[in-house]
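I have placed the structure first, in the form of structure tokens, so that the comments after it can refer back to it.
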Amino acid sequence: MAKPVVSIIMGSDSDLPIMKQAAMFLEEQEISIEVEIISAHRTPKKMFTFASEAHKKGIKVIIAGAGGAAHLPGMVASMSPLPVIGVPIKSSNSIDGWDSVLSILQMPNGVPVATVALNGAKNAGILAFQILGSQNEAIQERVIAYKESLGQNVLDRDRKVREIGYKNYIK
């Protein structure tokens, strides 16, 4: 198996149903990943080691999901030279997810975290795919093919709606 180039981390296993969307997308695109549970609050030493060493083991992009106070993406970004994509997660202790969104989105100057929508792990996977493609021509060609497939999907659905009529089109 190829060495992982994307690390997908989350604060708790309760985040896995959301974060697996990024993992599954990247695996479908044949991007090697690793998945770990790392809590900014409960395992700060593990988080520190991970953040300061991920680039040394060949990781190119980190996707970090967190709910509630959602400190994991920002803390990792503060210690890593790698791009970090934050996934705010609506958790059981969340204020409709807004606490997570704002915790990840409102980073201070010098510590950027690319932030996707609430529970938007698939978009985080897509963004990681595009970041990798910016430095690798073969991956970039797959990104282009993926983007074209999105457009083709819309055209196919449009054709179907027009053929059978909108009243008969049920998804």
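In table form, for the structure just shown:
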quantity: Selection count where residues are under 17 Å from residue 123 (Cα atoms) and either among the β-branched types (Val, Ile, Thr) or not assigned by TED's automatic domain parsing to the domain that holds residue 127 (or both), scope the stretch 31-72; calculated: 6
quantity: Within the stretch 54-84, considering residues that are in contact with a Pro (Cβ under 9 Å, 6 or more places away or on another chain) and in a loop (DSSP other than H, G, I, E, B), the one modelled with the lowest pLDDT; calculated: 70
quantity: Residue that is surrounded by the fewest Cβ atoms within 10 Å (Cβ to Cβ), among those in the stretch 73-101 that are touching a residue at least 40 places away in the same chain (Cβ under 8 Å) and under 18 Å from residue 123 (Cα atoms); calculated: 83
quantity: Some residue of the stretch 81-91 being more than 22 Å from residue 63 (Cα to Cα) and charged (D, E, K, R); calculated: no
quantity: Hits in the stretch 109-168 - residues which are hydrophobic (A, V, I, L, M, F, W, C), part of a helix (DSSP H, G or I) and in contact (Cβ under 8 Å) with a residue 40 or more places away in the chain; calculated: 121, 124, 126, 127, 128, 129, 131, 132, 139
quantity: The stretch 17-43, residues that are farther than 22 Å from residue 147 by Cβ, more than 12 Å from the chain's Cα centre (by Cα) and assigned to a helix (DSSP H, G or I); calculated: 17
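The values are calculated or read from the model by the stated rules, or taken from the named source; none is laboratory data. None of these values were measured; they are calculated from a predicted model. All Cβ positions, glycine included, derive from the backbone under ideal geometry; neighbour counts span all protein chains shown.
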